[in-house]
Amino acid sequence: MPVTSEQALSRIRSNIFGYDDTPQEAKAGRVLKYLKRRVMRQRATAPRRTGQWSGLTRSELAQTGTCETDWY
C-alpha cells in the first residue's frame, strides 16, 4: 500500500520526536541517523558520472593507469 507524504512525515516525526522524556541528544542522534540513511540511499540510486570517451568513472580510469584525458 503506497504511503502518502503526510503519512511519511508523521511517521518520521513520531520515530524521532515521539518520546517526551527522551533527552535532546538522543533526538538529535535519531535525526542524524535518519539523514545519513537518506543520503546513502540517494547516493546508491544516483547515476554514475562517466567520462565522455572511455565510459569509465574517474576512479576506474585512475585504476587503469592510462593517460586518457577524459576527466582532465
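A few remarks follow.
- Every pair of residues 6+ apart whose Cβ atoms lie under 7 Å, when the first sits in region 37-61 and is without any contact (Cβ under 8 Å) to a residue 24 or more places away in the chain while the second is in a loop (DSSP other than H, G, I, E, B) and exposed (fewer than 10 other Cβ atoms within 10 Å of the Cβ): THR57/ARG48; THR57/ARG49
- Scanning region 33-52 for residues that are more than 19 Å from the chain's Cα centre (by Cα) and loosely packed, with under 10 Cβ neighbours inside 10 Å turns up just one, GLN52.
- Test: residue in region 64-71 that is at pLDDT 80 or above, surrounded by 10 or more Cβ atoms within 10 Å (Cβ to Cβ) and assigned to a helix (DSSP H, G or I): yes
- Qualifying positions in region 20-54 - of a type in the set (Ser, Thr, Tyr), closer than 30 Å to THR66 by Cβ and outside any loop (DSSP other than H, G, I, E, B): THR45
The values are calculated or read from the model by the stated rules, or taken from the named source; none is laboratory data. Computed from a predicted structure; not experimentally measured. All Cβ positions, glycine included, derive from the backbone under ideal geometry; neighbour counts span all protein chains shown.
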